[in-house]
Every structure is written in structure tokens, then in C-alpha cells.
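Just so it is clear, none of the values below were taken in a lab; they were calculated from the coordinates. These numbers come from a predicted model, not from an experiment. Using ideal geometry, Cβ is built from the backbone for each residue, glycine included, and neighbour counts are taken over all protein chains shown.
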Amino acid sequence: MSSPCLFCKIIAGEIPAKKLFEDEDVFAFWDISPQAPTHFLVIPKKHLSGPGAILNEDEALIGKVVRIGAQLARENGAEQCRLVMNNGAEAGQTVFHLHLHVLGGRPMSWPPG
Ligand code: 5GP
Ligand code: ZN
């Protein structure tokens with residue numbers, strides 16, 4: 001039975017995405033609606049609804065998501081970048097499979113809106 005989760009479907013190849021990286025734990029792909037010249041998402045293959053669902057046993061996995069995000073940013077000319085995880089609808093989360101946004105290639109302002 002197929003998963004109702006959009007990003008699980010992307011991992012499974014049921015929905016096409018522009019893949020940037022994949023290994024046994026992690027999948028990275030270009031955001032469909034980029035908010036910066038470089039904007040991709042790094043996700044764990046394990047379905048977690050968001051940062052609030054991370055368990056102790058997931059700590060190494062989430063560390064890997066962040067490490068791969070920074071490494072891919074470097075490899076794609078965006079060493080200086082912003083790494084963002086939205087946690088909950090009020091914070092701007094629209095897809096409830098944990099994802100790290102990696103944005104770069106332009107100056108960033110703070111605070112975010
Ligand atoms: P959120 O708002 O949940 O933090 O981020 C979800 C991100 O997923 C958004 O930046 C949105 O553009 C991206 N997104 C939503 N649907 C798709 C899709 O089908 N393919 C890709 N590549 N990105 C998507
Ligand atoms: Zn999922």
C-alpha cells in the first residue's frame with residue numbers, strides 16, 4: 001500500500017523530483033518552488049512528521065541530514081547558506097515529513113518573516 005506522505009512518495013519514486021543525493025538513510029532533492037538561487041531539501045528516509053517527532057534513536061540520523069545538507073551546499077557553490085527546519089504549521093511547515101531546507105546563493109536577512 002502506498003504512503004499518503006508526499007515526501008515518502010518522492011523517496012519511493014512514485015512522484016518525480018530532481019534528485020541531488022541519495023544513500024541508505026537520506027534523500028536530497030531540489031525544491032519545486034525555490035526561494036533562493038540554491039534551494040534544496042534534505043530528508044531522512046525514515047518518516048518523521050517533523051523536528052518535534054525526533055526520538056533519541058534518531059539523533060545520529062538527523063545529524064547526518066545536517067552534515068549532508070552542508071556538504072551538498074558546499075558542492076553546489078553555496079557554502080554560506082541557511083539551514084532551516086520548520087516545525088509546525090504556524091512556523092511555516094506545509095509538508096509533514098521532516099525536511100531540512102538548504103538555501104544559499106544570495107544574502108539572507110534576519111529575522112525571517
Ligand atoms: P515547508 O513549508 O513544509 O517547510 O517546506 C515544504 C517545501 O517542500 C516547500 O519549500 C515546497 O516548495 C516544497 N515542495 C512541496 N511539494 C513539493 C514537490 O512535490 N516537489 C518538490 N521538489 N518540492 C516540493
Ligand atoms: Zn513521509
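Numbers at a glance
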read-out	value
Residue in the stretch 40-51 that is within 16 Å of ligand 2 (Cβ to nearest atom), part of a strand (DSSP E or B) and touching a Phe, Trp or Tyr at 6+ places or on another chain (Cβ under 7 Å) present	yes
The listed residue being away from ligand 2 (no atom under 13 Å from the Cβ) and in a loop (DSSP other than H, G, I, E, B), out of PRO4, PRO16	PRO16
Answer from ALA28, ALA60 - the residue that is buried (at least 18 other Cβ atoms within 10 Å of the Cβ) and farther than 18 Å from GLY88 by Cβ	ALA28
Condition check for ALA60: without any contact (Cβ under 8 Å) to a residue 40 or more places away in the chain, among the hydrophobic types (A, V, I, L, M, F, W, C) and more than 9 Å from ligand 1 (Cβ to nearest atom)	yes
